[in-house]
Structures are given as structure tokens and as C-alpha cells.
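Some notes on the structure that comes next.
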Amino acid sequence: MTETRTTLREHEAELVVASVTAVADGVRELRLADVSGSGLPPWTPGAHVDLVLGELVRQYSLCGDPTDATSYTVAVLREPESRGGSVFVHEQLAEGAKVTVRGPRNHFPLVSADSYRFVAGGIGITPLLPMIAEADASGADWHLTYGGRTRGSMAYTDHLAGYGERVTFAPADEVGLLDLATILASPGPRTLVYCCGPEPLLAAIESVCEQGWPSDALHLERFAAKVSDAPVDAERAFELVLAGSGVTLQVPPDKSVFDMIQDAGISVLGSCHEGICGTCEQAVLEGEVDHRDSVLNESEQAANDAMMVCVSRCLSDRLVLDL
Amino acid sequence: MTTVNRTSTAAVPTDCWYALTTSAEVDRHLLAVRAVGGPVLLFRTQDGAVVALEDRCAHRAYPLSAGTLDGDQVRCGLCGFVYDADGQCVSVPTQPRVPLGAHVASYPTRERDGLVWVWLGEAGRARLHRVPGLPWLTDAGWATVGGTVPIDAGFLLLHENFADVTQIRFVAPEIAPAALAGAPPPLEVVVTETTVELSRTFPSSPLPPWQAEMLGIGAAEGETVQRGFFTSPALWTDHWDVDHGAGTARLRFTQLVTPFDERRSRLHWRVSRDFAIDDPGAGDRMHAMFGDYYARVQAAMETAQAVLDTDGPGPEVNVAADVAALRVRDIVRGMLAEEGVALARQHLGT
């Protein structure tokens, strides 16, 4: 009997840059249009896509209208110290350029609530924009505090000003650092906090929310891997069992679980390979996970039932995945 | 977070467009349909717009559908409360002032492709979600037959059945295409945040006799491309395209699922063909064949649900081909999480 293979992959399409707009100092908005006529997959607030930028693949939040089946909108901050993704976007993706787009996927979904506190730092406003539109449409109580270096560096301020008092602009050169303790002073019972921005903001907001906020109230998305202070075990070998495939492997210290699964010929999704995007998440059936990702929060990690296989490893001798 | 009971609707997504009925069935009369979590009243205003209201008077337990439609207002057949098309009570017979809270839920509606889609979740979110397009249901180059089957099984069981094409061989061996008889070819599964698409290309095999006859091409072989699409809990579609040498014969199976609760659903099924479209005999034959097929699906799904009801969820072993169905479960779990319902992995779909 011939071997039949099942392959799993994400949706991929070649889109065309329909327009490029400077929406703030160093921030370009790109509208990426479908030219195949088959329409683009739907998405919900918090979703992102991969853009294939030459040799690099980078994730960008979708910040346009979720009901638009003909184009996706992303906004990219030029970061000269980055590995070159944003520079590629700013220098190579002009109107008419083609770009391969993978996804969408969403590891930052907007959970239904009566009340929201949105906190954005700089380009972190992008995933929050469609969330704000949805919170507003659903009649929830919400407030956005939007910080950035200068007002000129902050994108979409005109659009957000239309929401009136629900939005507080807090450029650093006018008001200094965001006063998170005040912004998040009164935890409500059905209030969720959504935050995106640079790592110092995320670390600070995690710290503030530890005091007085329920553990599942804070939702945040990292655009860069967390740098962990905790000592990391020297890489160790362990046994990997893929329960659904009936395969047992030995993972050497220098190979990731993701690589082992791929080498075994089993379909597995992955994108950033840094433990930030959440694409490679797999269900864990057995074994003590050595979490090294920036996606799962403390209680999710403690539950030990899921892991990001691109970076995380195993503290015990045997790891069993439902794959 | 909501606790899940056996026949609760907590494990059914409501932030989703569901196709409750056809445009043809909604007119200047009161139509009652069941949907997620409760009864829905449908009617058309004098302008032709479709109205969907909670089918239960705010005053006492009585269906508004048992009342009367007067202009664009509905009067309860028991107590005489009158409601406008927004569900607001505008008059009561026994006093001049309408009491506070005298309103029934009003649900956003859309019409598309001859279907009436209703949003039963948070109303403000409806306009942020697309209504699926099913052009073959009304396009001139296609003929469609269909029916409706109530199924005592949860919506997720139905989608998992649709996601596994090879089940057709076992559920309905007489109509299963010859293409399914051999070892299944490689399965490709493509996922996005909210959708799953699966496809297989079957090597050349004999056409089913009924199809060859309708095409008027005698015994023929063709390569079949099968694609399945999970669009939302409300919709699974299948494409079966056979390249038979003298052209391509296309079939579209549209499966519109309306969950009532975790363990009961309604299935509107449609089979559309782009060949023999003007042949009423072909239509009758398709209707009989696939009516029988969906009756078998109903029986199999109800049997599966009965196992879950009697003995509860059990451990499951997965094969590689289950990846599409498992991704559907992930998507539904994500939808429920967004709606504020937390479920342990192993309890989902059971």
C-alpha cells in the first residue's frame, strides 16, 4: 500500500503593494492587495501575517478593516538596529512590489468583556486599532492610553482623536513615561487589559498588573523575544514521543524539538523560530516543559499542557506531544 | 468564565453568522425557527427587509410567532403586547405606558445567495464579520437540490465528519465515488486563523454511473480534485471537480449548520451541479441520492452523539488525516475563548 502523506501548511499568497503611506515619522503603512481574485482569508483583531522579505520572514499585525476581503493593511516602523526586516520594507516594498504573505494567524485575540484598558507604546498601536473598533462597536466601556517618543512618531493619532475622551495621547517628550500605576489603578471585575509596545513597557505593565489584577486580565503581544534573566539549563538530550504519529525520537542537545519533528517528516507549522509568534504551539501530554518562549504567560506555562516547540525543551527525560 | 452543562449552549459560538433559512421562506408572515440558545422569529417588513427577533414575548412565556403581523409590528397572540421591528414594545393593552424592559432581542440579519443569515451573538460585532459567499446556489450556470435535516448531534461532530472524506466510504458505500475505493492520495491541509481547507487529487478512476449518465458520456474515467472548506461553525463546503476528458464536471456540496445547543443541530444541505442543469430528471435523481446520503450522515452522527451522551468523552487516538478536524476544534475552541467560555481540551466537541 502506498504511503499517503498529510501535509499541513498555512495559507500563502503573493500580494501586491497597492499603496504606501507615511503615517508617522519612520512609520509606513502598506496596503497589500489580492490580485488572484479569490479573496483573502478573514481575520479577527489581534491577528498578524508573515511577510517574506528576501531571506527574512517577519510578523506584522493587521491593522485595517477585517471585513475587507481584497486587501490587508500593516504599518511598519523603520528600525535601523533590527536585523533588516523593517529596512527591507521601507526600502524595497514600493507601490507595485510583490510580496509573499503567509497566514493570517492570531495569538492575541480580543476576548469578550464589558470593559477594556488599551495601552499602546509606539508601533504597538497596530494590533490595538482593530480591537478598539470592535470594542467600540460592541458597546463596551474602553479607554486607550497611547504613548510614543513624540507626537510626530505616533501613527493614527488623527483617526484615534475621533474617539474623543476615550483616548489619551501621552508622547514621552510631553508627559514623560506612562504612569501605568495610575492608568491601571482600578481593576474592574470584568475588565481586560490589552497592551502592545516595546519590551520595557510590557515588562512594566506585567509588573503593575501583578498587584490587584486577576491573573488572566492582562493580554499582551511581544514583537521581540523576551530576554530571560532566569538561568537556563545547559542543553540536555531527552526522548521525544509524537503520540499521534507513533514515533519516538531522541532529541540531542543541539537540535530543537521543531527541527526533530520536521526531520521525522511530520508536518508542523512554524514561523519566527524565536518563540514569539505562537505558530508552532503543540499540545503536551507528558513531560515537564522547559519553557523558553515569549508567548505563554505564567499560568499557561505552569499548566504544562502546551509549548512552543521551536525554542522550548524538556526538563524531564521524556516529552510526549499530541502530534 | 461559564460552566458547561450537558445540554447547555455555552459551548456553541454565537459570534458567528448562521444561515437560518432561505430568503424564499421569509415573507409577510411570522416564521419561527430554532437556533443557538433559543427560538427566533423571522418576518419581512413592508420594505422587504428581514427582521429577526427573539421569539418569546417579554411579558409571559408565549411565542411571538403565534401572534399577528400588522404592518411592521408584531402583536403577541396571548397578551396583546405590540413590538416594533427593533424588538421594542410600543404598546400594551392594559395601560398607557409601556413598562421598562419591555423589549425582545433583535438580531442583525443579512441576505446573500438566497439565504437569510442571522447574528445571534453580540450585535455590535456583526458588521465586523463577513457573510460567506456561495455563488453556485444562485448563479445561472448551476442547478441546486437540497433539504433540511434535524440532527441530534453536536455541530462539531458534523464538521469533523465533513472534514474526513474517507468516512463516506463507510457511511454510504453505495454512493461513494470509486475514487475513494483505493488508498487515499496525499491530503493537503491549509489553515488560517479562522478557516481550514483540505484537498486531495484522486488519480483517474471510473465516474459514478449516475454522473456519467447525466453527462451523457457513457462509461468514463476522470481525475477528481476534492476540496473541503471549514468557513465557520455555520458552514462547511465541498468541491468535487472531475476532469473527464470532454470537460470538467463540478459539484458543490453546501452544508449549512445551525446548532441548537451542544448536542442538537439542524443541517440545511445543498448539492449544486454545473452539468445537466436543465434536466429535471437529473435534479430528482440527485435529490433522492443525496437525501438518502444525508439521512445516513444523520444516523451516524446521532449514533456517535449517543455514545457521548451515555458514556461521556473518552480518550481518542488520532491519525495524520485527522489534522483538518483537529484544526477545526482549535478554531472553535479559540472562538469560544474569545466569547469568554473556557473549556479543557479534552472536553471540546463532546
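Restricting attention to segment B:130-138, does a residue exist that is more than 9 Å from chain A (Cβ to nearest Cβ) and among the basic types (Lys, Arg)?
no
Can you name the condition, by its number, that B:Ala337 falls short on among (1) more than 14 Å from chain A (Cβ to nearest Cβ); (2) without any contact (Cβ under 8 Å) to a residue 12 or more places away in the chain; (3) assigned to a helix (DSSP H, G or I)?
Result: B:Ala337 fails condition (1) only.
State which residue pairs qualify: first residue at positive phi and modelled with pLDDT of 95 or more and inside segment B:14-37, second residue assigned to a helix (DSSP H, G or I) and of a type in the set (S, T, N, Q) in any location, beta carbons under 8 Å apart, and separation of 6 or more residues or different chains.
Between residues of segment B:14-37 that are at positive phi and modelled with pLDDT of 95 or more and residues that are assigned to a helix (DSSP H, G or I) and of a type in the set (S, T, N, Q), there is no close pair.
Can you work out which of the residues in segment A:27-44 that are touching a residue at least 60 places away in the same chain (Cβ under 8 Å) and part of a loop (DSSP other than H, G, I, E, B) is nearest to A:Thr100 (Cα to Cα)?
Per the criteria, the residue is A:Pro41.
What number of residues within segment A:212-257 satisfy the criterion of being in a loop (DSSP other than H, G, I, E, B) and either of a type outside the set (Asp, Glu) or modelled with pLDDT under 85 (or both)?
The qualifying residues number 29.
Count, please, the residues in segment B:260-273 that happen to be modelled with pLDDT of 95 or more and open to solvent by less than 20 Å² (accessible area, probe 1.4 Å).
The number of residues fulfilling the criteria is 7.
If a residue has to be buried (at least 21 other Cβ atoms within 10 Å of the Cβ), in a loop (DSSP other than H, G, I, E, B) and modelled with pLDDT of 90 or more to count, how many in segment A:293-309 make the cut?
Of the residues in that region, 2 qualify.
Scanning segment B:278-305 for residues that are among the hydrophobic types (A, V, I, L, M, F, W, C) and either open to solvent by 50 Å² or more (accessible area, probe 1.4 Å) or free of Cβ contacts under 8 Å to residues at least 12 places away in the same chain (or both), which turns out farthest from B:Met214 (Cα to Cα)?
B:Ala299
Of all strands (runs of 3 or more DSSP E) completely enclosed by segment A:102-211, which ones contain at least 1 residues that are open to solvent by 30 Å² or more (accessible area, probe 1.4 Å) and acidic (Asp, Glu)?
A:141-148
Return the total of residues in segment A:245-265 being open to solvent by 30 Å² or more (accessible area, probe 1.4 Å) and either within 14 Å of chain B (Cβ to nearest Cβ) or hydroxyl-bearing (Ser, Thr, Tyr) (or both).
6
Does B:Arg110 satisfy being within 14 Å of chain A (Cβ to nearest Cβ), assigned to a helix (DSSP H, G or I), open to solvent by 20 Å² or more (accessible area, probe 1.4 Å) and not polar (S, T, N, Q)?
No; evaluated as a whole, the condition is false for this residue.
Taking B:Arg227, is it at pLDDT 90 or above, open to solvent by less than 40 Å² (accessible area, probe 1.4 Å), part of a strand (DSSP E or B) and among the charged types (D, E, K, R)?
Spelling it out, it is not the case that B:Arg227 is at pLDDT 90 or above, open to solvent by less than 40 Å² (accessible area, probe 1.4 Å), part of a strand (DSSP E or B) and among the charged types (D, E, K, R).
Quick one: how many residues across segment B:42-98 are exposed (fewer than 12 other Cβ atoms within 10 Å of the Cβ) and on the phi < 0 side of the Ramachandran plot?
Final tally of qualifying residues: 10.
Can you tell me how many residues within segment B:158-210 are open to solvent by less than 20 Å² (accessible area, probe 1.4 Å), assigned to a helix (DSSP H, G or I) and either in contact with a strand residue (DSSP E or B) (Cβ under 6 Å, 6 or more places away or on another chain) or free of Cβ contacts under 8 Å to residues at least 60 places away in the same chain (or both)?
Result for segment B:158-210: 5.
Looking at segment B:168-203, which of the residues that are of a type in the set (Ser, Thr, Tyr) and in contact with a helix residue (DSSP H, G or I) (Cβ under 8 Å, 6 or more places away or on another chain) is farthest from B:Ala288 (Cα to Cα)?
Only one residue fits best here, namely B:Thr194.
Return only the number of the condition from (1) charged (D, E, K, R); (2) away from chain B (no Cβ under 14 Å); (3) closer than 20 Å to A:His48 by Cβ that A:Glu134 does not satisfy.
Condition (2) is where A:Glu134 drops out.
Tally time: how many residues in segment A:258-282 are in contact with a strand residue (DSSP E or B) (Cβ under 6 Å, 6 or more places away or on another chain), outside any loop (DSSP other than H, G, I, E, B) and not charged (D, E, K, R)?
Number satisfying all stated conditions: 2.
The values are calculated or read from the model by the stated rules, or taken from the named source; none is laboratory data. Everything numeric in this text was worked out from a predicted model, so none of it was measured. Note: ideal-geometry Cβ built from the backbone for every residue, glycine included; neighbour counts use all protein chains shown. Quick note on the areas: whole protein, heavy atoms, side chains included, nothing else; ligands and nucleic acids left out. Shrake-Rupley method; radii C 1.70, N 1.55, O 1.52, S 1.80 Å.
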